[in-house]
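Step one of this worksheet: look at the structure below.
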Amino acid sequence: MALVLHVVNLLLTSKLVYTNVPEPYMDEIFHVPQAQQYCGGDYLTWDPKLTTPPGLYVTSNIIAYVARLFQFDLCTVNALRFTNILFSIGLYFVLVSLISTVSCKPKSIKLNLYALTLCWFPVGFFYNFVYYTDPGSTFFVMFCYLLVKKKRYFSSGIIGLISLIFRQTNVIWVCLFMMIVIIDTLTIDPKKNDDKSSLYNPVCSSINQPTQVVQIISSLLVNTVKHITTVLPNIFTFILTIISFAAFLVWNGGIVLGDRSNHVAGFHFPQLFYYTSFLSFFAAPWTLSISILTSMLTIKRYEHPFLLSDNRHYSFYVWKKIYKRHWTVRYLLTPVYVISSFVNIHVFARYTSFLVSLGYLFALILTLVPSPLLEFRYFIIPFLFYMVHIPPPTTISRTLVALTLYFSIHVLTIYLFLYKPFTWPSEPNQLQRFMW
């Protein structure tokens, strides 16, 4: 039933989008022509405005090549967009299996609906209907993690490499997954009664002494060296992926392809505060009942030039209507950040080991902090990684509340995207549309 709902929602929404927005929009004006260049057999021409690798275009080109054997043209705008519909269907299967594996629960209606709800996470779900790299990037990162949890380490490293040709910053998640492979390799399997390792890695919520942190980290380092001959075969393809990425950095002279002027890395630590508030809202149907403690944070304001110059993104209105309201707002919101952080950490710590939690924190910092631009789609993979570690609730009511909330937001955002366009004085003949 959940899969049917997912496919029906995808098809009905895509029909609306394809009918009302038949021409490339926003970043599609770069992505679509590049994919069509590939369809025409030109693999050497590259638009310098593109900043991510060609994984999406290669995927669409493979599909189009097969379709041409049956006399179908799948290189039109809408046909190219449909590539992401396929990724979204694939993501559903990945999430069902991943949630079942991580939570050690059999597949059921409750679990399937939980996976469906995560598939309908509004920010990620929106990009299934435009020709952006996010759906493919998300699919391959989560698929990579699924294979890690299934202990298919060789294949996981290969999928991790594929994820990098959709978005090069996915290397951060590949490194996290490699660490999880090492942890899993060193962890005793109670069924085998194997005492090959004394890795100390308790659930994060059980940590109550600073000395435990030192013990955990030293345990990981010592046991990795001690059992290096066991660890290396399991992380071989991950090492190859990271070496390949390093070679790319040397060849490219940096991480960003094409236009680097608007993608300069910095230290934007407030991104973590924005993310934790964002996470608290979308995870609220499952985490709202957790008791809250507070502490203090330091917030420094930073504005990327794009943030207040592009009123097509919802982040523009969040910043203008909230953060720009008064200079004190960024400080008055401190309790929100504190409460959000405590809730999110408290819930995650209940179900996740210390080392995985620490790895997730580093992945968040490396993913979000260097980016000076507040853009909600950067939160998609961090959100999904967090949520697959929260077991589906025993009652279905919370999931149904979340599903209803997500679907309502989806309907509203699609409505605004399709039926509430506007124009800029500088481009009076070009419709602008709201999007995440």
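Across region 73-82, computed HN-Hα scalar couplings (Karplus, 6.51 cos²θ - 1.76 cosθ + 1.60, θ = phi - 60°) run 9, 10, 10, 6, 4, 5, 5, 5, 4, 5 Hz from first to last residue, x flagging Gly and Pro.
Model label points for R152 and K15, set 7 angstrom from Cα along the Cα-to-Cβ axis, are 3.4 nm apart. Across region 412-417, coupling constants 3J(HN,Hα) worked out from phi with the 6.51/-1.76/1.60 Karplus curve, θ = phi - 60°, read 5, 5, 5, 4, 5, 4 Hz, and Gly and Pro carry x. Extension gain, T404 to V250, is 50.7 nm, computed as 0.36 nm per intervening residue step minus the present C-alpha separation.
Between R350 and S205, what is 0.36 nm times their sequence separation minus the Cα-Cα distance? Round to one decimal in nm. Mind showing how you got there, number by number?
Working: separation 145, 0.36 × 145 = 52.20 nm, distance 0.53 nm.
Answer, rounded to one decimal: 51.7 nm.
The phi-based Karplus calculation (6.51 cos²θ - 1.76 cosθ + 1.60; θ = phi - 60°) puts the 3J(HN,Hα) values of region 99-108 at 5, 4, 5, 5, 8, 6, 10, x, 5, 7 Hz, whole numbers, x for Gly and Pro.
Can you tell me the length gained on complete extension of the stretch L431 to F236, counting 0.36 nm per residue apart and subtracting the Cα distance? Show your work: numbers first, answer last.
Working: separation 195, 0.36 × 195 = 70.20 nm, distance 4.97 nm.
Here the answer is 65.2 nm.
Distance between the modelled labels on Y65 and I109, one decimal in nanometres: 4.4 nm (7 Å Cα→Cβ projection). For the pair region 402-417 and region 89-130, the centres of their Cα atoms are 17 angstrom apart.
Report the Rg/Rh value for region 389-434, based on alpha-carbon coordinates and the Kirkwood definition of Rh.
On the way: Rg = 17.7 Å, Rh = 13.3 Å.
Reported Rg/Rh, Kirkwood definition of Rh: 1.34.
The amide H of M435, built 1.01 Å from its N in the peptide plane, has H313, Y314 as neighbours under 5 Å, considering only residues 5 or more places off or on other chains.
Fewest-first ordering of V347, V94, V7, V250 by other beta carbons within 10 Å of each residue's beta carbon gives V250, V7, V347, V94.
All of the numbers you see were taken from the coordinates with simple rules; none came from a lab. Note that the structure is predicted; figures quoted are calculated from it, not measured. Cβ atoms come from the backbone with ideal geometry, glycine included; neighbour counts cover every protein chain shown.
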